[in-house]
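Worksheet: one structure, shown below.
The values are calculated or read from the model by the stated rules, or taken from the named source; none is laboratory data. Not measured: the values here are computed from a predicted model. Note that each Cβ is placed from the backbone with ideal geometry, even for glycine, and that neighbours are counted across all protein chains shown.
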Amino acid sequence: MLKSNTMAFSEHIKPILKGIPAKPGCYLMKDEAGVVIYVGKAVNLRNRVRSYFQASANHSRKTTEMVSHVADIEWIVVGSELEALILEMNLIKRHQPKYNVHLKDDKHYPYIKAHWADPFPKVTVTRRLSDDGGRYFGPYTSVWAVHQTLDVLRKVFPYLTCDRVITGQDPRACLYYDIKLCVAPCVGAVDQDTYRAMINDLCRFLRGRTEPVIGRLNDEMVRASEKMDYERAGAFRDQLIAIEKVVEGQKVISQDKIDSDVIAFARDERDACVQVFFIRGGKLIGREYFILEGTRQADDRELVEAFVKQFYTKAAYIPQRVLLPMEIEEAGIIETWLHSRRGGPKVRLLVPRRGAKKNLVRLAAENAAETLVSLRARWEADRSKHVQALAELQNSLDLPGPLNRIECYDISNLQGTAAAGAMVVFVQGAPNKSMYRRFTIKTVRGQDDFASMEEVLDRRFRRWQTANEQSKVPGGKLDQAFGLLPDLLIVDGGKGQLGRAMQVLEAYGLVGKVPLVGLAKSHEELYRVNEPDPVILPRRSEGLYLVQRIRDEAHRFALKQHRTQRRRQGLASRLDSISGIGPARRKALLRIFGDLEGIRQAKVEDLMAIPGVTRTLAERVKSEL
């Protein structure tokens, strides 16, 4: 069946194949709906793309299936194989094609950032890399582990966490100075050079460079002691003791002291887990695991190659050596690309055959296998609980169909100001954050949660109408967030909100199509339309736990949007006080840079890119903020 389909599609796209140039570039294969299902690159586009449609080719099952769905092909010509590699990675990230292997949720990975461009750098957690002069470390898979790491490091390197403008002349320091979690440059307890040296040590420490840090602190301790500044010497001594406690857990596993990443993987019939060991200066300083999607029909080499390309696109640091479990086809061009990103010594991709390096790859593979088994057990346990919770909720509410998609809405404001709404979506009992949506309340003045809820739901179902109309246009795609109706709609607020929500459903002809309940805030009572008594779920039932999770998530998301709006309103008032910044320029600044921190970090040249902002005005904004 697949073979005949392939031949049929070959006939359909013969004219397209004839026009493909024999040049390097990328190709995008699309299905009948115009959706990109595969992205590839080639030194010779014509030969590579035509090879997919040759009946004599010995294609894998994955390729055969993919080609059977190809209805159109686009290509982009570039100047070199390296340019093709970079373009391919960007296209895969943008389109997330079905038949490409890609990192799961890679955009969400957290990083540690040292704000090195600031006079007194802070250290924060971020999920966005930008070329702003900061120093980044990561990616990490667990934001909890990142915060745990920073909790330890802050005791060793007590960095700033506040937003004060550091002049060294503040009358008093905050509590953090008293509990030794800040060195208080605000009151001049340390000068700028000393503070930056400490942050530089922290950065070295995160890269595994502990020896220079220990050497510098040792020298400082000796000098302070010789000057009989015993309090300062004691502080350095305490830092050294804290560092040694952290470092003693780092295992020396390589004598050549070349920075290396060790990559290996494990897979089962559905998923693949990649484990990375980070070796810096011969010491194992950490490890992370990553889950890959689209691996079911991919071979091992494709899996490893896809991971290397996507991981090092976002990695904050590229080592001199990467140890792999097997040879990959594009090793040479990937080495060239990694070298261009790293600078300095050439990056080498090695497949060790024996000895200690081979054992490291084997150990990473064993860790990947153990991680995959652990994750599988957790996923299955969660899935079992989700099934039970959804069944209990469906039965308690006497609903005819399964609750595959549940939407919950909440409103957040402070005495009628900065009112915000939130829509959260749970699919098969689990949050689907890509479908969450925020709403800024536009038509309601003062504190009226009922009217705010009505506005939010009206906008939501108006978008449902628009999404379905657009999907009917040739080549149109259905907006998964707004284009699908929920199997259960929950409004946070009980009977009052229930009535307003019902009016919206009536206006869009959805009464009877979208089950609706109002959730009372006090005892998780579920009110239904035209039913005087609420549904009370059994205490300690999985159905109740699910409703509580959904309610808490909606509240958290609405509160986050409310705080963002309050912060922006506060920023707007601060910007309005700057001579030369009116409503139009203020709006442009907020749109481009997002918040106060974004404007503070922006370069003068970036501010000047906004229409009407001269160099003098840009420098004034930087100075006053």
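So, in the range 201-241, exactly how many residues are β-branched (V, I, T), free of Cβ contacts under 8 Å to residues at least 12 places away in the same chain and surrounded by 13 or more Cβ atoms within 10 Å (Cβ to Cβ)?
Let us first name the residues in the range 201-241 that are β-branched (V, I, T), namely 210, 213-214, 222, 241.
Applying the additional criterion that residues be free of Cβ contacts under 8 Å to residues at least 12 places away in the same chain yields 222, 241.
If we keep only those that are surrounded by 13 or more Cβ atoms within 10 Å (Cβ to Cβ) too, we end up with none.
Going through the range 201-241 one residue at a time, the tally reaches 0.
Looking at the range 319-347, which of the residues that are under 26 Å from the mean Cα position of the chain (by Cα) and among the β-branched types (V, I, T) is surrounded by the fewest Cβ atoms within 10 Å (Cβ to Cβ)?
Of everything passing the filter in the range 319-347, I334 is surrounded by the fewest Cβ atoms within 10 Å (Cβ to Cβ).
A quick yes/no check of all residues on (1) more than 29 Å from the chain's Cα centre (by Cα); (2) more than 17 Å from L393 (Cβ to Cβ); (3) surrounded by 16 or more Cβ atoms within 10 Å (Cβ to Cβ):
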| residue | (1), (2), (3) |
| --- | --- |
| R445 | yes, yes, no |
| D458 | yes, yes, yes |
| V473 | yes, yes, no |
| Q480 | no, yes, no |
| K495 | yes, yes, no |
| M502 | yes, yes, yes |
| E524 | yes, no, yes |
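For residues that are in contact with a strand residue (DSSP E or B) (Cβ under 7 Å, 6 or more places away or on another chain) and either at pLDDT 90 or above or not β-branched (V, I, T) (or both), tally how many sit in the range 290-303.
5
So which of A364, A315, A369 ends up being in contact (Cβ under 8 Å) with a residue 40 or more places away in the chain, hydrophobic (A, V, I, L, M, F, W, C) and either under 30 Å from G133 (Cβ atoms) or in contact with a Ser or Thr (Cβ under 9 Å, 6 or more places away or on another chain) (or both)?
Residue meeting the stated conditions: A315.
Which residue is nearest to T64 (Cα to Cα), if the candidates are limited to the range 4-50 and must be part of a helix (DSSP H, G or I), at pLDDT 85 or above and touching a strand residue (DSSP E or B) at 6+ places or on another chain (Cβ under 7 Å)?
V49
Can you tell which of K314, K309 is within 20 Å of the chain's Cα centre (by Cα), modelled with pLDDT of 90 or more and within 30 Å of R204 (Cα to Cα)?
Numbers: K314 fails: modelled with pLDDT of 90 or more.
From the options K314, K309, the qualifying one is K309.
For the range 58-170, which fully contained helices (runs of 4 or more DSSP H) count at least 2 residues that are out of contact with any strand residue (DSSP E or B) (no Cβ under 9 Å at 6 or more places or on another chain) and over 26 Å from L17 (Cβ atoms)?
Working: elements: 61-67, 81-95, 143-156.
In the range 58-170, the matching helices (runs of 4 or more DSSP H) lie at 143-156.
Collect the residues in the range 324-344 that are touching an Asp or Glu at 6+ places or on another chain (Cβ under 7 Å) and under 19 Å from A365 (Cβ atoms), keeping them in residue-number order.
M326, I328
Quick check: is even one residue across the range 290-298 surrounded by fewer than 17 Cβ atoms within 10 Å (Cβ to Cβ), under 18 Å from K41 (Cα atoms) and not hydrophobic (A, V, I, L, M, F, W, C)?
no
Residue by residue through the range 204-226, note down the ones that are assigned to a loop (DSSP other than H, G, I, E, B) and modelled with pLDDT of 80 or more.
R207
Is it fair to say L393 is assigned by TED's automatic domain parsing to the domain that holds I333 and more than 24 Å from the chain's Cα centre (by Cα)?
No.
Among the candidates L575, L607, L571, L590, which residue alone is modelled with pLDDT of 75 or more and either surrounded by fewer than 17 Cβ atoms within 10 Å (Cβ to Cβ) or among the aliphatic types (A, V, I, L, M) (or both)?
Details: L575 fails: modelled with pLDDT of 75 or more; L571 fails: modelled with pLDDT of 75 or more; L590 fails: modelled with pLDDT of 75 or more.
That would be L607, the only listed residue that is modelled with pLDDT of 75 or more and either surrounded by fewer than 17 Cβ atoms within 10 Å (Cβ to Cβ) or among the aliphatic types (A, V, I, L, M) (or both).
Of all residues in the range 171-180, which are assigned to a loop (DSSP other than H, G, I, E, B), of a type in the set (A, V, I, L, M) and either in contact with a Phe, Trp or Tyr (Cβ under 8 Å, 6 or more places away or on another chain) or surrounded by fewer than 17 Cβ atoms within 10 Å (Cβ to Cβ) (or both)?
Listed by number, the list holds a single entry, I179.
Find the residue count for the range 81-98, including only residues that are in contact with a helix residue (DSSP H, G or I) (Cβ under 9 Å, 6 or more places away or on another chain) and closer than 19 Å to P24 by Cα.
Number of matching residues: 9.
Does A365 satisfy the criteria of being among the small types (G, A, S), under 21 Å from F290 (Cβ atoms), surrounded by fewer than 22 Cβ atoms within 10 Å (Cβ to Cβ) and modelled with pLDDT of 90 or more?
So A365 fits the description; yes.
Is it true that R128 is free of Cβ contacts under 8 Å to residues at least 24 places away in the same chain, surrounded by fewer than 13 Cβ atoms within 10 Å (Cβ to Cβ) and in the same structural domain as I76 (by TED's automatic domain parsing)?
Spelling it out, it is not the case that R128 is free of Cβ contacts under 8 Å to residues at least 24 places away in the same chain, surrounded by fewer than 13 Cβ atoms within 10 Å (Cβ to Cβ) and in the same structural domain as I76 (by TED's automatic domain parsing).
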